[in-house]
Amino acid sequence: MPIRIEHKVEAMRLLIKGGKIAAEEGPLVPGDVLIIDGVITAVGEGLDVPPEAQVIEAEGKIVAPAMFDAHVHFREP
């Protein structure tokens with residue numbers, strides 16, 4: 001008989017603020033990236049900080065939404 005295990009997962013809210021956003025094409029543009037429950041929900045300048053959001057100050061950093069670093073070494077920690 002299968003069993004079902006349920007647990008409550010807290011909603012994750014993350015605002016990456018003030019970075020230079022790298023899009024597919026064009027120059028880097030200043031702005032913020034809002035991520036809710038693992039999904040990018042907004043990209044733009046001056047986004048409002050949602051309640052209980054973790055804020056990462058990214059001034060002087062490049063933010064690449066929806067991109068990832070595919071360079072890995074599987075035998076190295």
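Things to note:
- Among the residues here, ILE62 does not qualify as within 21 Å of ARG13 (Cβ to Cβ) and either in contact with a Leu (Cβ under 9 Å, 6 or more places away or on another chain) or at pLDDT 90 or above (or both).
- The set of residues from region 25-43 being within 22 Å of ALA11 (Cα to Cα) and either part of a strand (DSSP E or B) or acidic (Asp, Glu) (or both) comprises ASP32, VAL33, LEU34, ILE35, ILE36, ASP37, VAL39, ILE40, THR41, ALA42, VAL43.
- In region 44-76, the residue that is nearest to ALA22 (Cα to Cα) out of those that are assigned to a loop (DSSP other than H, G, I, E, B) and charged (D, E, K, R) is LYS61.
- A count restricted to region 21-43 and to residues that are exposed (fewer than 11 other Cβ atoms within 10 Å of the Cβ) and either in contact with a Pro (Cβ under 8 Å, 6 or more places away or on another chain) or of a type in the set (A, V, I, L, M) (or both) stands at 1.
- Contact map, region 52-77: first residue closer than 21 Å to LEU28 by Cβ and of a type in the set (Lys, Arg), second residue surrounded by 10 or more Cβ atoms within 10 Å (Cβ to Cβ) and modelled with pLDDT of 90 or more, Cβ cut-off under 8 Å, separation 6 or more or different chains; pairs are LYS61/GLY19; LYS61/LYS20.
The values are calculated or read from the model by the stated rules, or taken from the named source; none is laboratory data. Quick caveat: nothing in here was measured; it's all calculated off a predicted structure. Heads up, the Cβs are rebuilt from the backbone with ideal geometry, glycines too, and the neighbour counts pull from every protein chain shown.
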